[in-house]
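Reading through the structure tokens given below for one structure.
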Amino acid sequence: MTSLVDIRHATKRYGAIEAVRDVSFALQPGQTVALVGHNGAGKTTLIKLMLGLVRPTEGSIRILGEDPAGRGIEARRRLGYLPESVSFNTALTGREVLAFYARLKSEPVDGIKTLLDRVGLSSAADRRIGTYSKGMRQRLGLAQALIGNPRLLLLDEPTTGLDPGLRMEFYDIVAELRDRGATVVLSSHVLTELEERTERVLIVSRGRLVADGTIDALRRIADLPAKVRVSVVDGAVETLRSLMGGLAAGRTFNGHRFEFDATASQKIELLRRAAGAGDLVEDIDVIPPSLDELYAHFLRKESP
Amino acid sequence: MRNVLLIAAKEIQESLRNRWVLAMTALLAALALSLTFLGSAPTGTVGARALDVVIVSLSSLTIFLVPLVALLISHDAIVGETERGTMLLLLSYPVTRGQVLLGKFAGHLAILAFATVLGYGTAAVTLAATGAAIDGESWIAFATMIGSSILLGAVFIAIGYLVSVLVRERATAAGIAIGVWLLLVVVFDMVVLGALVVDQGRTISDAALSGLLLLNPTDVYRLLNLTGAASVGTFSGMSGLAGAVTLGPAVLVGALAVWTLGPLVIAAMIFSRREL
């Protein structure tokens, strides 16, 4: 199977600054991929490289089988892009802008009605974009990225400026596209949001790809402790602490709750003992390490 | 080609929407009309050919105004869109940078042509309606004037794009555009004139002068209009120069075409190498 995206040893230098250093990865159809990194880590440069807006200093990039910075522009017909802070000419209406972009992609202009409905802009479609709120512009940006059912979607910080309800709708749209076989690359800061919605995580730090894998795989590699929270009845704190005896480091919260940091191997034993304590235990929660913690872990490992 | 037309159409749509076209047409029409009626006052009613006088006044106006208007719409074409972030999105679409530049050029030129034809045309039509006698030769000279004004506009749109792809900020582009305007419209002629006065015809031959004037598109335009038609030349005060400069209309039109294509091609080359 040919990859939608195939990046090999790509390096991008701006003068002395290495924005992207020796990055390699391939993306398959139907994947939802989170591109994670703090500001200036190289996320946007990586997306621009994939769009062919900048050329790699070294290495090769193939997008949908073409060199994005080459002469061929056919591949871009099957590609959707939402820039980090999307902007449009404010004198035109939403419908006019979408019609222009649809024509550029050689897509029927009738299709934009459906798109406007999908992002909830139907009622504002004939108003000038100058009157739109930030969230509405972001929705219009998403609508233009969806023109022509792209096979590859590159969304740079797509949910900034969207209210929570709209975010949910946004992720529904992304899921729908993925089910149809599209590959979606999401770059974001809001990691908890991406956690349940992406199969694969790429973490970039200072231009390097420091981690690449599914969230579960990254959890195994990082071997971060899960948190096991045990709530006990009043006055049973000491009993329980001795029961767990030295198995894992723990903290006490407001007199009747423990929180243990447990590695994968310790976790089962901890649960078994807590369950053995019978009526003393009121509740048990197991919280796996979040994407935030994984991210922090890989960044720490990277720093000297 | 389709993409070029799409971008040109969008450019025209935007300019209509933000009333650029309206403002430009109104400005040109107002100035042309006032020059037509106030400008003909000195010649009185005996003034032989009314339209010829208008051609002289209007082409003098064009030399100042059209380059300014053309630079005004073009200096911001690339750097402005890049700064606003709309260029990034546009270039992620299946369109080449050459097509973007060419489409913008076609759109901007269409707007300028529309404003010129309508603005100046109003003056000529009004003149004819007031009963002035206008013969065929004058109409041809007038049409030439409008055509060459549009060509002069094309030159400065292309120069504006070159400025626009060279800089990183809109303000810089605006500054350079004003500088270019001053240099080509005001300073160049003063320097040439100064040189001619100092030289007293000793080293600068007629051929050298012709070459010198080809270096400035506004002078090419001036030669084309103020010396071209014999009837116009007598009013323009350019007849002395016309005798010295031996450049046919074909050479002059060719020079304007080179002045358009040169900056446009260089701008396209720089733009396609530019990293966003």
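Couple of notes before you dig in:
- Amide H contacts under 5 Å for residue A:211, placed H, 5+ residues apart: A:203
- Charge dipole of region B:2-273 about the Cα centre (unit charges at C-beta), most positive-ward option of B:183, B:260, B:20: B:20
- Farthest towards the positive end of the charge dipole of chain A, among the residues A:60, A:150, A:242, is the Cα of A:60, using unit charges on the Cβ of Lys, Arg, Asp and Glu.
- Cα centre as origin, Lys/Arg/Asp/Glu Cβ charges: region B:2-273 dipole, Debye: 700
- Degrees separating the helix A:291-302 axis from the principal Cα axis of chain A, which is the longest one: 90
- Gaussian network model of chain B, Cα within-10 Å springs - most flexible of B:123, B:23, B:113: B:23
- Between the helical axis of A:264-276 and the longest alpha-carbon principal axis of chain A there is an angle of about 50 degrees.
- With Cα atoms, 0 to 90° folded angle of helix A:164-179 axis to chain A main axis: 70
- Ranked by how many other beta carbons lie within 10 Å on average, peptides A:205-216, A:117-128, A:87-98 from highest: A:87-98, A:205-216, A:117-128
- Charge dipole (Cα centre; +1 on Lys/Arg Cβ, -1 on Asp/Glu Cβ; no other charges) of region A:60-167 amounts to roughly 120 debye.
- Averaged over the residues of peptide B:79-92, the number of Cβ atoms from other protein chains lying within 10 Å of each residue's Cβ is 5.
- Shielding of peptide A:73-85 by partners, expressed as the average count of other chain Cβ atoms within 10 Å per residue Cβ, is 3.
- Relative contact order (%) - criterion: Cα under 8 Å, at least six apart; region: region A:24-117: 12
- Check: region B:94-226 dipole with +1 on Lys, Arg Cβ and -1 on Asp, Glu Cβ, in debye: 580
- Highest GNM mean-square fluctuation among B:117, B:100, B:191, for chain B modelled with Cα contacts below 10 Å: B:191.
- Pair residue A:179, residue A:127: separation of 7 Å Cα→Cβ label points (nm): 3.2
- Separation of the residue B:183 and residue A:290 label points, Cα + 7 Å toward Cβ, nm: 5.8
- Cβ-based charge dipole, chain B, positive-most Cα from B:123, B:212, B:4: B:4
- Shielding value for A:98-105 is 4, the average number of Cβ atoms from other chains within 10 Å of each residue's Cβ.
- Total lysine pairs in chain A at Cα distances under 20 Å, for residues eight or more apart or on different chains: 6.
- Over all pairs of different C-alpha atoms in chain B, the reciprocal of the mean inverse distance, the Kirkwood hydrodynamic radius, equals 19.8 Å.
- Region A:225-288 shape via C-alpha gyration tensor axes, a/c threshold 1.5: prolate
- Chain A: calculated mean residue ellipticity at 222 nm from DSSP helix runs of at least 4, using -39500 (n - 2.57): -10000 deg cm²/dmol
Bear in mind these aren't lab numbers, they're just calculated from the coordinates by the rules spelled out. On a predicted model such as this, the values are computed, not experimentally measured, just so you know. Glycine also receives a Cβ, built like all others from the backbone with ideal geometry; neighbour counts cover every protein chain displayed.
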